[in-house]
Amino acid sequence: MMLRTAATAATAAAAVSLALALAACSGTTKDSVGKDSVKSGATAKADPDAPLKKGLKLAFLPKQINNPYEKIVDDAGIAAALEYGGTGKEVGPSDAGASSQVSYINTLIQQRQDAILVAANDPNAVCGPLKQAMKKGIKVVAYDSDTAKDCRQLFINQASSEQIGRSLVQHLGEQIGHKGKIAILSATQNATNQNTWIGFMQDELKLPKYKDMKLVKVAYGDDADQKSFQQTQGLMQAYPDLKGIISPTTVGIAAAARYLSDSSYKGKVVLNGLGTPNQMRKYVKDGTVGQFSLWNPEELGHLGSYAAAALASGQITGAQGEKFKAGRLGEYTVGKDGEVILGEPTVFDRRNIDKFDF
Amino acid sequence: MGTAAETREAADAARSGKGRAGRVRSMALRWDTAVGVLLVAVIVVGLGSTDGFGSAENLAFAFNDIVEVAVIALPMTLLVVAGQVDLSVASMLGLGSALTGALWNAGWAFETIVPVVLLAGVAGGLLNGWLVTRVGLPSLAVTIGTLALYRGLASVALGSDAVTDFPDTYARWTVDTTTVPGTFLTYPVLLFAVLAVITAVVLHATGFGRSLFAIGSQEKAAYFAGIRVKRIKLLLFVVTGLFASFTGVLFTLRYGSARADNGLGFEMLVIASVLLGGIDFDGGKGTLFGAVAGVLLIGVLKNLLTLNDVANEVQVIVTGLLLVASVLTPRVIAAVVGRRHRRAAGTPS
């Protein structure tokens with residue numbers, strides 16, 4: 001019996017090797033596949049004076065429902081839709097899996113929505129159905145997390161990486177009088193967005209006004225609460241005269257604040273970075289943290305909603321240089337690759353933090 | 001025809017002296033028939049009530065959307081009938097997807113990648129089968145282990161990357177926008193239909209199929225009757241691994257995205273479909289028709305509820321209730337029928 005199994009296995013192996021040998025001669029490889037770069041949309045003419053249509057139907061598809069951050073974005077977008085006489089709804093999967101948004105997009109096509117706003121879990125998994133939607137005249141706007149460029153007409157970027165990186169250094173510089181040692185508490189060592197921001201921070205620090213500020217270390221807390229806590233502790237032991245810490249991650253800044261608030265460094269070390277008001281409220285009120293930043297998720301939703309309406313009304317097509325009005329936020333211009341940038345991050349401090357709940 | 005369950009029910013019917021009428025009634029009472037009826041009912045309600053549900057493109061999408069789960073459900077039905085289970089299938093799908101992506105990135109030809117991925121599936125199935133049949137461990141425990149193992153290997157193969165630029169030559173045959181001309185059948189669904197017919201014949205019309213029911217009902221008796229229990233179980237695990245790795249390639253092409261976390265949690269959908277179709281988890285009972293009806297019911301119901309903007313949480317609750325009903329109802333019916341028989345025979349109940 002064992003023998004026969006072995007023989008069968010050997011036959012199978014031989015057959016497979018043969019297939020491999022045959023296939024190796026010629027085949028479809030990564031290099032032989034040409035990139036298809038059919039630019040979608042953008043064929044129609046934009047009419048900048050067209051009024052916003054009434055009764056537009058918008059659907060927000062977040063990475064997952066019940067994500068408090070995206071709920072705020074979507075609710076603000078739905079509220080904005082009511083301002084111009086449209087309606088909005090939020091639908092989405094309960095897990096942030098790569099493929100789970102796809103069936104929702106199909107559904108929205110069947111329901112003949114006027115525009116879909118999507119925060120993509122996977123830039124490519126949603127591509128096929130989104131292209132199908134655009135083919136049927138449904139406008140597609142990505143927000144928060146972009147899809148591949150040819151699968152949407154616009155991407156609403158919360159803030160440019162450069163703005164985030166530079167503004168954090170500028171804010172911290174003012175807080176410590178542009179003097180002293182500083183450190184960065186990041187997430188994981190190879191997180192793309194973190195490293196881009198840190199790159200801009202280092203670039204900003206080269207300017208003459210920062211000549212007395214010295215970046216002594218970039219620590220990695222892996223976006224894990226406990227590790228970020230320990231890394232903060234380690235930083236303070238290694239550099240007791242540290243003047244400031246920038247943590248451009250919501251997990252990192254909350255953990256660092258927790259360590260500092262119970263230590264003798266409270267009030268002596270300035271902590272700044274990207275955080276959420278609900279996580280940071282306590283530390284702002286007890287004086288551990290003077291200020292921190294984040295883009296305002298309500299404004300992100302507001303802008304996305306108006307951008308989708310402008311697309312669906314024919315005011316814009318998603319081409320570079322087109323302008324549209326985003327309600328109370330004023331006028332925006334479509335940038336390269338259909339990107340619309342929300343603007344500077346909002347700074348939260350003791351004065352305004354109680355106005356925000358997310 | 002010829003399943004142990006049917007034979008038993010036919011015997012029950014004969015004993016209660018109702019003959020053909022009794023047999024017809026027990027057919028109607030059978031859970032898999034009920035699921036089939038429920039499926040038809042859901043489709044009819046959907047067509048009548050929901051705008052867009054009956055469009056060819058929506059139907060193409062709805063069935064294509066569940067095709068990986070459906071394909072894996074076929075060998076899973078055979079496994080469960082034989083009293084086994086394989087929880088590592090979704091991880092094997094992920095491993096197949098990750099391998100496809102990693103090798104594609106490394107510049108391999110797609111025609112070479114597919115047999116290699118299938119071979120990996122066979123290897124994974126062999127490991128499951130070997131641990132169950134040769135080492136003698138319960139399949140539930142073994143495949144919980146390999147569920148983690150294969151998903152881990154998938155992450156090792158591709159990390160957290162996503163590989164995306166797959167050849168359209170193959171990809172377009174997998175998506176829901178390409179259908180068999182004049183129908184709403186996509187090619188993956190067509191392939192599933194062919195595989196389902198083959199599996200149904202194997203399970204219900206061959207000696208091999210009967211031996212699966214025998215193993216599932218009374219493994220010792222099957223062994224002494226000359227059935228090569230271990231060999232058959234091993235084969236079932238290998239076929240399951242093969243099918244699962246194949247769905248990894250299919251999934252990758254369909255979504256145009258190879259990731260280690262693809263198909264996360266699909267094993268539960270597969271098991272749910274099989275259970276819903278009335279395949280008894282104690283082994284030895286069930287029909288392939290039931291399993292197919294179960295998987296289609298889950299797919300169609302999800303599509304219909306989503307079209308009506310029913311929140312995901314509610315959808316999960318509906319599926320959960322259906323599952324509980326599918327386990328409970330046949331048992332309640334059996335208990336009621338059993339009591340009536342005992343009363344008729346004059347034995348104290």
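Please give me, ordered by residue number, the trypsin sites (Lys or Arg not before Pro) of the stretch B:222-257 that lie in loop per DSSP and have at most 15 other Cβ atoms within 10 Å.
For trypsin sites (Lys or Arg not before Pro) across the stretch B:222-257 that sit outside H, G, I, E and B with at most 15 neighbouring Cβ atoms in 10 Å, the list reads B:Arg228.
For an R0 of 51 angstrom, estimate the FRET efficiency from the Cβ-Cβ distance between B:Val156 and B:His341 and round to the nearest 0.05. Could the numbers behind the result be given before it?
Numbers: r = 57 Å, r/R0 = 1.12.
Given R0 = 51 Å and the Cβ-Cβ separation, E is 0.35.
GNM on chain B, C-alpha springs below 10 Å: top fluctuator among B:Arg259, B:Arg30, B:Arg134?
Maximum fluctuation in the GNM of chain B, among the listed residues, is at B:Arg134.
Please give the FRET efficiency for A:Lys282 paired with A:Val216, using the beta carbon to beta carbon distance and R0 = 30 Å, rounded to the nearest 0.05.
Details: r = 28 Å, r/R0 = 0.93.
The formula returns an efficiency of 0.60 here.
What helices does chain A have that are whole DSSP H segments, at least 15 Å long along their own axis by Cα, and with mean Kyte-Doolittle hydropathy of 0.5 or more?
Working: long enough: A:2-25 (35 Å, 1.58); A:68-83 (23 Å, 0.19); A:161-175 (22 Å, -0.75); A:192-205 (20 Å, -0.76); A:225-238 (20 Å, -1.18); A:250-261 (16 Å, 1.00); A:297-312 (22 Å, 0.36).
Flagged H segments are A:2-25, A:250-261.
For B:Ile317 and B:Thr329, calculate 0.36 nm times their separation in residues minus their Cα-Cα distance, and state this gained length in nm to one decimal. Intermediate results must be reported in sequence, preceding the final value.
Values: separation 12, 0.36 × 12 = 4.32 nm, distance 1.76 nm.
Taking B:Ile317 through B:Thr329 to full extension adds about 2.6 nm, to one decimal.
Going through the stretch A:155-210, which trypsin sites (Lys or Arg not before Pro) have at most 16 other Cβ atoms within 10 Å and a DSSP loop state?
A:Lys179, A:Lys206
Would you calculate the separation in nanometres between label points at B:Thr183 and B:Ala123, each defined as 7 Å from the Cα along the Cα-to-beta-carbon direction?
3.7
Using the basic label-point model (7 angstrom from Cα toward the beta carbon), what is the B:Asp168 to B:Arg228 distance in nanometres?
4.9
Working out 0.36 nm times the residue gap between A:Glu162 and A:Ser264, then minus their Cα-Cα distance, what length gain in nm do you get to one decimal? Provide the component values of the computation, followed by the final result.
Working: separation 102, 0.36 × 102 = 36.72 nm, distance 3.39 nm.
Gain in length upon complete extension: 33.3 nm.
Pull up all non-local amide H partners of A:Phe60: gap of 5 or more, or a different chain, and H-to-H distance under 5 Å with H placed in the peptide plane.
The answer is A:Lys89, A:Glu90, A:Val91, A:Leu117.
Which of rounded, prolate, oblate describes the stretch B:157-243, given a ≥ b ≥ c as roots of the alpha-carbon gyration tensor eigenvalues and a/c under 1.5 marking rounded, otherwise prolate only if a/b is larger than b/c? Please list the in-between numbers first.
Working: a/c = 4.88, a/b = 1.85, b/c = 2.64.
In terms of gyration-tensor shape, oblate.
Along Cα→Cβ, 7 Å out, is where each label goes; now give me the distance between the ones at A:Gln237 and A:Lys206 in nm to one decimal.
3.5
What shape does chain B take by its C-alpha gyration tensor, where a ≥ b ≥ c are the square roots of the eigenvalues and a/c under 1.5 counts as rounded, a/b above b/c as prolate, and the rest as oblate?
Details: a/c = 2.18, a/b = 1.37, b/c = 1.59.
Here chain B falls in the oblate category.
Give a quick list of trypsin sites (Lys or Arg not before Pro) in the stretch A:289-358 that DSSP marks as loop, anything other than H, G, I, E or B, with at most 13 other Cβ atoms within 10 Å. Intermediate values should be presented prior to the final figure.
Values: sites: A:Lys323, A:Lys325, A:Arg328, A:Lys336, A:Arg350, A:Arg351, A:Lys355; in loops: A:Arg350, A:Arg351.
Those satisfying the criteria are A:Arg350, A:Arg351.
Counting pairs of alpha carbon atoms under 8 Å apart in space and at least six apart in sequence, what relative contact order in percent does chain A give? Intermediate values should be presented prior to the final figure.
Details: 686 pairs, mean separation 68.8, N = 358.
Rounded, it is 19 percent for chain A.
Out of B:Phe289, B:Tyr187, B:Ser55, whose Cα points farthest toward the positive end of the dipole of the stretch B:4-344 (charges: +1 Lys, Arg; -1 Asp, Glu; placed on Cβ)?
Comparing the listed Cα positions along the dipole, B:Phe289 ranks first.
Evaluate peptide B:111-119: per residue, the Cβ atoms of other protein chains within 10 Å of its Cβ; return the mean as an integer. Walk me through the numbers on the way to the answer.
Numbers: counts 10, 10, 4, 2, 8, 4, 0, 2, 6.
That works out to 5 on average.
For chain B, set up a GNM with springs between Cα atoms under 10 Å and report which of B:Thr287, B:Thr252, B:Thr169 has the largest fluctuation.
Evaluated over chain B, the most mobile residue of the options is B:Thr169.
Using the count of nearby Cβ atoms within 10 Å as a rough guide to exposure, how do B:Leu212, A:Leu260, B:Leu95 rank from fewest to most?
The order, fewest Cβ neighbours first, is A:Leu260, B:Leu212, B:Leu95.
Enumerate the helices in chain B for which the Kyte-Doolittle hydropathy averages 0.5 or more and the C-alpha atoms extend at least 27 Å along the helix's axis, using complete DSSP H runs.
Numbers: long enough: B:110-133 (34 Å, 1.60); B:139-158 (28 Å, 1.48); B:229-255 (39 Å, 1.31); B:288-307 (29 Å, 2.04); B:312-344 (48 Å, 0.73).
Long hydrophobic helices here: B:110-133, B:139-158, B:229-255, B:288-307, B:312-344.
Quick one: Cα centre-to-centre distance for the stretch B:36-63 and the stretch A:217-258, in angstrom?
Between the Cα centres of the stretch B:36-63 and the stretch A:217-258 lies a distance of 54 Å.
For B:Lys285, which sequence-distant residues (separation of 5 or more, or a different chain) have an amide H within less than 5 Å of its own amide H, given hydrogens modelled in the peptide plane?
Close amide H contacts, sequence-distant or interchain: B:Asp280.
Just to confirm a number: summing +1 for Lys and Arg and -1 for Asp and Glu over residues other than B:Leu39 whose beta-carbon lies under 15 angstrom from that of B:Leu39, what do you get?
On the way: positive: B:Arg30, B:Lys302; negative: B:Asp32.
Computed value for this residue: +1.
From the helices alone, meaning DSSP H stretches of at least four residues, give me the mean residue ellipticity at 222 nm for the protein assembly as shown, per-run term -39500 (n - 2.57), in deg cm²/dmol to the nearest 500.
Details: 26 runs with 396 residues, N = 707.
Estimated from H runs of four or more residues: -18500 deg cm²/dmol.
Using amide H atoms built in the peptide plane, which far-off residues or other-chain residues are under 5 Å from A:Val270 H to H?
Sorted by chain and number, the residues that satisfy this are A:Gly244, A:Ile245.
Please give the length that would be gained between A:Arg112 and A:Asp75 if that part of the chain were fully extended, namely 0.36 nm times their separation in residues minus their C-alpha to C-alpha distance (nm, one decimal).
11.2 nm is the gain from fully extending A:Arg112 to A:Asp75.
Taken together, the values in this text are just the output of simple stated rules run on the coordinates, not laboratory data. Quantities reported herein were computed from a predicted structural model and do not represent experimental measurements. Note that each Cβ is placed from the backbone with ideal geometry, even for glycine, and that neighbours are counted across all protein chains shown.
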